[in-house]
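Accompanying notes for the structure given below.
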Amino acid sequence: MRREAAKSKGGRAGFGFAPSVRRSGRTILRNLGVAAAMLVMGALPAFAERATVLAQIDLPHNYYFREMYLPQLTTGPSAVAFSPDGKELVFSMAGSLWRQKIGSTSATEITHGGGYDYQPDWSSDGRRVAFARYDRDAVELWQLDLWTGHETQLTRGGAVNLEPRYAPDGKRLAYVSTGGSGHFNLFVADVNGDRLGAPRQLVASRQSAIARYYYSAWDHALSPAWTPDGKQIVFIGNREVAYGTGGLWKIDVDKPGEPVLILGEETAWRAKPQVASDGRRVLFASYHGRQWHQLWMTTLDGAQPLPLTFGEFDRTDARISPDGTRMAYISNADGNTSLWLRDLVGGAAEPVVAEDRHYKLPMGKLTISVGEAHGPQPYQLEPVSARISVIGADGRAYAPASRWMHADDGFDRSAQKFENHYFHCPGTCTLIVPRGNARISVTRGLDYAIVESMVDVLATPTTASVALRSIALPERYGAWTSADLHVHMNYGGHYRNTLDSLADQMHAEHLDVIHQLVVNKEERVPDIAGFSTHPYRDAGALIVQGQEFHTSYWGHLGILAPDDHLLEPGFAAYAFSALASPYPYNGVIADLAHQQHALVGYVHPFDERVDPENPAPLTNALPADVAHGKVDYYEVVGFSDHKASAEVWYRLLNLGFRLPTGAGTDAMANYASLRGPVGMNRVFVNVAPSPSPAAHLLALKDGHTFATNSALLGFEVDDRRPGDTIELNAPEGLSYHASLRSIVPMDHFEIVHNGRVVAALKLDGTRTSADIEGTIVPDASGWVVLRAWNDHADPHVQDIYPYATTSPVYLMIGGAAPKSPVDAKFFVCWLERTLESAAARTDYNSEHEKTDTLEYLKAARRKYEAMQ
C-alpha cells in the first residue's frame, strides 16, 4: 500500500448582517446607500452582459458555495461511487464520468456530453448511473444505462440539481434542487426506467429566525444519504444556525414530519454524510478543531464523533464500500485532486490512478510551447510561463492532467457557452484533446499582448508554438514591479496550495510580488501553520505574508508584512458569537499592526456609492481611520466596484489626505472557480525589479504606484511622477506625459484634477496604446491622477469592467492646503451615521470598549467639522 501524505516546503469573509444582492457575477454588501453621481463618473453601467455562473441560485456570497458545494471542472477526480458488488468505481474527472476496476490502472470514459458531468451514483441493480450535467445555464440530472450506453435526461426546467442518490432498492432518487425557490432543498422522486416521477420536497421550506451573513434566510437541505432500509435520509441542514452549513439531520422518507438533529456542528458545504451498510455508522467530512477537512464517524443516534483520518490537507466526498470495509474519497494532499481507497480497519490506503485512459471520442496529443519573442522574424523565443485556455473541437475546456484547472465566476452568455477555463503552464505543456480545431488563448500578466489562435489537432502528436510580445511602458517612466496586495493561498478550495505552487501561479501571471494574507474561513485558518515573517523567494517571485482582519461592520483591513506575529483573533463584530462586540475597532488593529512595522490598508472597499443621507446602515470606519492617520493604502482596484471606491477616495484626496492606491484580487488561490487569477487586480510600484520587501513597501506607501486590471499607465506632470508633490506660487500651465498600453481596448483615457476630468485623451485605432503630451492648468491645490476605464465588461478581464488609475501627483499652489467643504460635510454626515449605529449597540464587553470606540469616532468627526 502507498502512503497518502501532504508534501510542502513550507472573501474575504467577516460576519455582519447587512442584506445583500448579487450583481455582475459577485455579491454586493448592501450596507451602504446610493449617492448622487459625482460629475467625474456619471452613471454606473449595468454590466448586464456579464452574469454570474448559475445565477438562479438565490444565495449571497456565490464565490463560497460555488467553489465549496457546486461541482467544478478539475483535471483530477472530483466525486466517486462504488459499484454494487464493490469491485469497480465510477468517478467524475475532467468533465466526464469514468469507470475503473479496483486494482486496475485502466479507466474508460463512459460519458462525454456537450457539458460537464459530475457526482455519479450507481444503482443497486448495477445497470444505471445517475449524475449531474452542467450545460449552459443549468445543472440537470441525467441517467446512463451501462448496458446500452444510452443517456436520458431526468430533470428539466433550468434549475440547479445536484447530488443524485438512488434508494437502496433503486426505485427512488433523492437529490438537491433549487427548483421553484432558488434555494437548495431536498427532493425525492420515483424512478421509472429512464423517467423520473413527480418530485416531492422532503424538508419543508422554512425561514430562520436568526440572521445569516453567508447563507440565505431560508434553511437549506443538502447532501442526502439513504439508510440501508430505505426508510430515512440523512442530510445537512442549517436550522437556526448562523455560521456554516449546519449539522447532520435525519428525516423519514414516507412520513417526513419534522427532521431530527443527529449532530450539531458547524460544517462548510462538504460534510456529505454516508450511512454504512450496518445502518448504524455515519461517515462525513469535518474540519472540527482543525484547519482542513478530514473524515469522521458518528452514528445515526449522534454518538460522539471521532476522526478516522488526519492531515494538513483535505479528504472529502467519501463513500463507504457496500461491504462496509473501506472507503473511497477525494484528497488534495499533493495539491491537485486525487482518488484514494482506504481500509476502515488499519487505514491502509492506495491511490486509484487512471494511467491508461480509453476515451469515447477520437483524441490527439497537443503540446503547447510558449516563449517571449525578441527582435524581428525569425525571432528567438525565450521560454516563459503563461496562463492558457484551450477549448477543444467539442466545445469543452481541456488542461494537462497534472495542472490545476481554474474557471471564471461570470461570463457573457451572448459571447460564449461556458465561463473561461484556464491553467497555468510553466512554458511547455502537453494535453489530450479531441481531434479537430482547438482554440488556444495565451495570456501572461498585463504587460504582454494576448495571443489567440486555432490549431488542428491530429491523430499524430500536434505542436503549437506561441510567441508573446511585451507591451511594456516606455522606459522614461522608470522600472516597475507588479504586486497583488490581497491573495489568500488557501481558503477552503478544491486544491491545496503551497508557497511553491503559489509561486508557480505568479510566474505564469508575470507577477513579481504577492502579499499572502492569512485569513479565517468560518472557524478555521488554513494557512496559520505556515505563517512566517520571513519572505519567500523563487526565481524572482517574492511572497510576503500578512493577514486580512475581518469585520464587516467596520470594513476589512489588509495588514502587510507584520514582523512579529499574526493578530489573533483576526476578526471582530461576529454577531451571535462570543466575539460580537465591535471592539476592537479598526483603529486599534491598525495601531497594533503599525507596532509591527506593517502597512495597513482598506481592502475591497465599496460595491455601491456611499450616501450618508440614505437610511441604510453605514458603519464603515474608513473616514475615521484616514482622519487619524491609520491608513497607508487603499484598494481602488479590488474585489469591489472600482468607480464607487474611487469616488470615496477622491473625496478624501480633496481634503488633503495623502492616500496612495493599491490593488488586490482577493484571490482564493486554491479555488477551482475564482473571480480571477492572482494578479488580476495588481498594483505596479515604481521600484527596481526584485526589490527588498522594505523597498517595495516604502514605494507603495509613498504612492509611486498605479493600480489596474487591464491597462498599464505612465504619467508625469512637470517631470514629477505619482506620489511626488509639485509646489507653485500661483496657477500655471503644467506639461504632462501620459502613456497607455493595454491587453484590451479601453473606452476612456483621462486626467482627473480634484475630482473632475480636465483632459480626455485620444487612444489609437485599436484603443490599446497611447503616448500623449500636453498641458493642464490646475486652478487649486490638490491632486491629479491618470486613469483609464471601460463602460462594459471584457471577456479577457475577469472583473466587472477594465479599470486603471495612478496614485496622485499632489499639487500645492500658493502654499494653500486643499479645501472642499462639500466633501468635509459628506464625511461629517457619514460619521454621524456611524456614531449613531455604534452608540446603539448593546454587545460591547465593557463600558470602556464603548467609550473608547465612540470617542475615536467623535474625534474623527471633529476633524472633518473643522474642514467645513
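The values are calculated or read from the model by the stated rules, or taken from the named source; none is laboratory data. All values derive from a computational prediction rather than experimental measurement. Methodologically, a virtual Cβ is constructed for each residue, glycine included, from the backbone with ideal geometry; neighbour enumeration extends over all protein chains shown. Side chains included, ligands, DNA and RNA excluded: accessible areas come from the protein's heavy atoms. Shrake-Rupley method; radii C 1.70, N 1.55, O 1.52, S 1.80 Å.
Overview of results
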item	result
Residues located in region 253-278, provided they are within 24 Å of PRO120 (Cα to Cα) and either of a type in the set (S, T, N, Q) or open to solvent by 30 Å² or more (accessible area, probe 1.4 Å) (or both)	THR267, GLN274, SER277, ASP278
Residue match in region 198-213 (condition: assigned to a strand (DSSP E or B) and among the hydrophobic types (A, V, I, L, M, F, W, C))	no
Some residue of region 612-625 being surrounded by fewer than 22 Cβ atoms within 10 Å (Cβ to Cβ) and of a type in the set (Asp, Glu)	yes
Condition broken by ASP666, with the remaining ones in (1) at positive phi; (2) open to solvent by less than 10 Å² (accessible area, probe 1.4 Å); (3) modelled with pLDDT under 95 satisfied	(3)
Filtered residues of region 273-305 (kept if part of a strand (DSSP E or B) and among the aliphatic types (A, V, I, L, M))	VAL275, VAL282, LEU283, ALA285, LEU295, MET297
Top-ranked residue in region 610-656 [being touching an Asp or Glu at 6+ places or on another chain (Cβ under 6 Å) and part of a helix (DSSP H, G or I); ranked as nearest to ARG833 (Cα to Cα)]	ARG651
Qualifying residue in region 711-733 (condition: within 21 Å of HIS515 (Cα to Cα) and of a type in the set (Ser, Thr, Tyr))	no
Checklist (1) at negative phi; (2) modelled with pLDDT under 95 applied to GLY289, failing item	(1)
Complete set of residues in region 729-744 that are open to solvent by less than 50 Å² (accessible area, probe 1.4 Å) and either among the polar types (S, T, N, Q) or under 27 Å from PRO795 (Cα atoms) (or both)	ALA738, SER739, LEU740, ARG741, SER742, ILE743, VAL744
Subset tally (residues that are assigned to a loop (DSSP other than H, G, I, E, B) and open to solvent by 40 Å² or more (accessible area, probe 1.4 Å)) for region 762-779	7
Scan of region 428-446 for residues that are open to solvent by less than 60 Å² (accessible area, probe 1.4 Å) and touching a Ser or Thr at 6+ places or on another chain (Cβ under 6 Å), ordered by number	ILE440, SER441
Checking GLY335 against (1) surrounded by fewer than 20 Cβ atoms within 10 Å (Cβ to Cβ); (2) touching a helix residue (DSSP H, G or I) at 6+ places or on another chain (Cβ under 7 Å), the condition it does not meet	(1)
Selected residue [at pLDDT 95 or above, basic (Lys, Arg) and in a loop (DSSP other than H, G, I, E, B)] from ARG270, ARG319	ARG270
Pairs with Cβ under 8 Å, 6+ apart, first in region 236-252 and among the aromatic types (Phe, Trp, Tyr) and buried (at least 23 other Cβ atoms within 10 Å of the Cβ), second at pLDDT 95 or above and assigned to a strand (DSSP E or B)	TRP249/ALA221; TRP249/VAL234; TRP249/PHE235; TRP249/ILE236; TRP249/GLY237; TRP249/VAL260; TRP249/LEU261; TRP249/ILE262
